[in-house]
Every structure is written in C-alpha cells, then in structure tokens.
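So the structure is just underneath, and the comments pick up after that.
The values are calculated or read from the model by the stated rules, or taken from the named source; none is laboratory data. These figures come from a predicted structure and were not determined experimentally. Cβ sites come from the backbone with ideal geometry, for glycine too, and all protein chains shown count toward neighbours.
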Amino acid sequence: MRLLLTDESHEPTIRAIARQTLAQLQERLPGEDQPQPLHLTEPQLKIFHTAVKILLDDLQRDQAEQRQTLMQILRKLPDEHAIRAIAIR
C-alpha cells in the first residue's frame with residue numbers, strides 16, 4: 001500500500017484512495033483472531049487488490065506462508081476482470 005502512496009508514483013486521486021484504504025485497514029484492532037468483513041468502496045477495492053498483487057509478486061519462494069495468505073485474500077476478492085472494470089475517477 002505504501003508504494004501507492006509515494007508522491008512520485010501515482011496521480012493524486014490514487015494516492016488519496018490509497019490513504020483512505022490504508023487508514024481503514026489500520027483501524028482494525030491488532031491481534032484480532034477472527035476475520036472480520038472489510039467494507040471498501042469500488043475504488044478502494046481496486047487499490048487494495050493492486051497492493052495485494054504487488055506484494056504477492058514481490059515475495060520469494062521461501063516466504064510460502066505469506067504467499068499462501070495473500071492468495072487466500074485474493075480468492076475472496078472479485079476476479080481480475082471485475083477489478084479492471086472498476087473506474088477510478
């Protein structure tokens with residue numbers, strides 16, 4: 001997510017949505033054992049999906065547990081075509 005926040009990388013709209021999404025994720029209580037639903041707007045969902053994909057692509061083979069967790073998250077999100085169809089304005 002932080003990669004999407006850097007001033008050099010994206011337009012202001014994307015940075016603003018990434019900041020909102022990150023703030024919403026950080027509101028979660030640390031140490032909660034039970035998964036809880038996360039309600040995101042369509043643009044936030046697109047940004048979140050992109051961040052998870054970037055992180056998954058950057059992980060190495062010896063980080064299998066983290067890769068598995070990220071793949072589980074992606075399976076819960078809409079498919080790639082639905083994500084691409086979301087317009088960020």
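Taking the options 4, 40, name whichever one is out of contact with any Leu (no Cβ under 6 Å at 6 or more places or on another chain), at pLDDT 80 or above and either among the charged types (D, E, K, R) or surrounded by 14 or more Cβ atoms within 10 Å (Cβ to Cβ) (or both).
Matching residue, one of 4, 40: 40.
Out of the residues in the stretch 8-18 that are closer than 21 Å to residue 58 by Cα and of a type outside the set (A, V, I, L, M, F, W, C), state the one that is modelled with the highest pLDDT.
The selected residue is 15.
Any idea which of (1) more than 18 Å from residue 15 (Cβ to Cβ); (2) modelled with pLDDT of 80 or more is the one residue 30 doesn't satisfy?
Every condition holds for residue 30 apart from (2).
Could you please find all residues in the stretch 60-89 being surrounded by fewer than 16 Cβ atoms within 10 Å (Cβ to Cβ) and in a loop (DSSP other than H, G, I, E, B)?
Listed by number, the residues that qualify are 60, 61, 62, 63, 78, 79, 85, 86, 87, 88, 89.
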